[in-house]
Amino acid sequence: MKYIIFNWKSYLNGKESFSLAKSLNKLKFSKKYKIIISPSSYSLFALKNNFKNIELSSQNFDTLGSGGYTSFLPIENLSNFSIKYSLIGHSEVRKYRNENDLIVKSTGQNSSMKLFLIQNIDRKLPLDDIASSKGITMNKLISEMETIVLSGTKLNIDYWIDDVFDDDQLEELNNYFLDSESGSIKEALDDFEGDYEEEEIRLFKIKFLTDIAN
């Protein structure tokens, strides 16, 4: 598969962006090619779902979560609108934020995993199935989820948590972490004296951090 990407920076207003996207959508391309357009953030979400023959890409994204960088789109926003592509490694970003090839490659790999997890958790897929589809262990999956939540992105895993804990356990764990000064998983394991597995406490803490972020 080859990609043809149209990046029109900030040159077009909303009406012009729609007109150009409409023209591109009419073009006949071989199935060997995928057409991707990268309009300004102003037009990005307005164009979503209007054209079936082209994909949308953001012109940037922020892996740090909501509020990380001014004008950079949080990756969960892209996920919510099923936007699968983003441009990285801009010359101006390399110049003014000192991005280099190593950072670009690392960012792309990390963000791909982050987007994959957000999208599949939004779909309420079983966590063990998500881990299996990526060829990783549950321990690794939970570590990735912890990184996402600690970066400021919320992950709603209530659908999984409700199958693991009953109401009394949820209340007990919630009160524990509300009162905990450190939030340490190790301390929680010691304090509960074997009532919960480490994996269970780590998953609950992900829920807890998401809830208090609301």
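One table, with the values for the structure above:
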item: Taking all pairs of distinct alpha-carbon atoms in the stretch 1-59, Kirkwood radius in angstrom; result: 11.5
item: Ranked packing of 29-40, 181-192, 197-208, most packed first, by mean Cβ within 10 Å; result: 197-208, 29-40, 181-192
item: Kirkwood-based shape ratio for the stretch 149-201, expressed as Rg/Rh from alpha carbons; result: 0.96
item: Phi-based couplings in Hz for the stretch 151-165 (Karplus 6.51, -1.76, 1.60; Gly and Pro marked x); result: 7, x, 8, 7, 10, 8, 10, 4, 4, 8, 4, 5, 8, 9, 10
item: When each of LYS9/LYS32; LYS9/LYS48; LYS2/LYS48; LYS15/LYS48; LYS84/LYS205; LYS26/LYS84 is checked by Cα-Cα distance, pairs over 20 Å; result: LYS9/LYS32; LYS2/LYS48; LYS84/LYS205; LYS26/LYS84
item: For ASN7, residues with placed amide H under 5 Å, excluding near neighbours; result: SER38
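We did not get these values from a lab; they are worked out from the coordinates using the rules stated. These numbers come from a predicted model, not from an experiment. When we count neighbours, we look across all protein chains shown, and the Cβ atoms used for this are built from the backbone with ideal geometry, even at glycine.
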